[in-house]
Amino acid sequence: MTVFTVAIDGPAAAGKGTISKAVAAHFGFAHLDTGLLYRAVGAKVLSGGDPVAAAKNLTPADLQGDLRTPDIAQAASRVAVLPDVRAALVQFQHDFALRDGGAVLDGRDIGTVVCPTAEVKLFVTASAEVRAERRFLELSSKGHSDTRDQVLADVIARDKRDSERAEAPLKPADDAVIIDTSEMSIDQAVASAILAVDQVRG
Ligand code: DC
């Protein structure tokens, strides 16, 4: 059995998703976007559900559909402050990390709380303005009408809530490699993440 965990954390829209998918594909590892779990709980709450019950009863079907909307992102960030929601979701993430063949998990607390012994920890970040611009382009290409200013305000509000919460706040692990993608192309960001993994794998 080969266990090898890559933990990728960072703020909203820093490029974690793109980097995680590319790293997983490069090394043949499985990938879990842990934000989707919180988004699925957030979506249930927006339709009247209880957050803790939703987290405890999450099914794979709940992860389908378009969870990448601004409303669901904010709802996810709000349910993510609740310790009982986090506790209900942590076991699944932990088991995923230890699956045979290697795993990449991306989120906010993977290197600090979910997988503190991960072989590689990356913290992917970028300035709020750069992240908001990327998210704005992504949302407008999908037909959302949010303005640049709204998207920037949302990114800043989510960063604040995610990093100031008491439970598992967003922060780099002490031994994380920081990758600031503000001035990088996607290819450059992916290459630096692959290099960081290669340095550990030898
Ligand atoms: O990565 P994302 O934008 O899809 O995450 C949505 C929200 O979920 C994020 O604002 C905070 C929360 N989240 C979390 O608290 N812990 C994680 N490991 C992943 C996401």
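The values are calculated or read from the model by the stated rules, or taken from the named source; none is laboratory data. Bear in mind the structure is a predicted one, so any value in this text is a computation, not a measurement. Here the Cβ is made from the backbone with ideal geometry for all residues, glycine too, and neighbour counts use every protein chain on show.
Matching residues to (1) within 13 Å of the ligand (Cβ to nearest atom); (2) assigned to a loop (DSSP other than H, G, I, E, B); (3) free of Cβ contacts under 8 Å to residues at least 40 places away in the same chain; (4) touching a His at 6+ places or on another chain (Cβ under 8 Å):
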{"site": "Ala54", "(1), (2), (3), (4)": "no, no, yes, no"}
{"site": "Leu67", "(1), (2), (3), (4)": "yes, yes, yes, no"}
{"site": "Asp71", "(1), (2), (3), (4)": "yes, no, yes, no"}
{"site": "Val81", "(1), (2), (3), (4)": "yes, yes, no, no"}
{"site": "Asp95", "(1), (2), (3), (4)": "no, no, yes, no"}
By residue number, the members of region 62-116 that are more than 18 Å from Ala30 (Cβ to Cβ), surrounded by fewer than 15 Cβ atoms within 10 Å (Cβ to Cβ) and at pLDDT 95 or above are Asp71, Pro83, Asp84, Ala87, Pro116
For region 147-184 the number of residues that are assigned to a loop (DSSP other than H, G, I, E, B), within 16 Å of the ligand (Cβ to nearest atom) and in contact with a helix residue (DSSP H, G or I) (Cβ under 6 Å, 6 or more places away or on another chain) is 7
Within region 6-30, of all residues that are of a type in the set (A, V, I, L, M) and in a helix (DSSP H, G or I), the one farthest from the ligand (Cβ to nearest atom) is Ala25
Check: Residues in region 24-39: is at least one free of Cβ contacts under 8 Å to residues at least 12 places away in the same chain and in contact with a strand residue (DSSP E or B) (Cβ under 9 Å, 6 or more places away or on another chain)?
Finding: yes
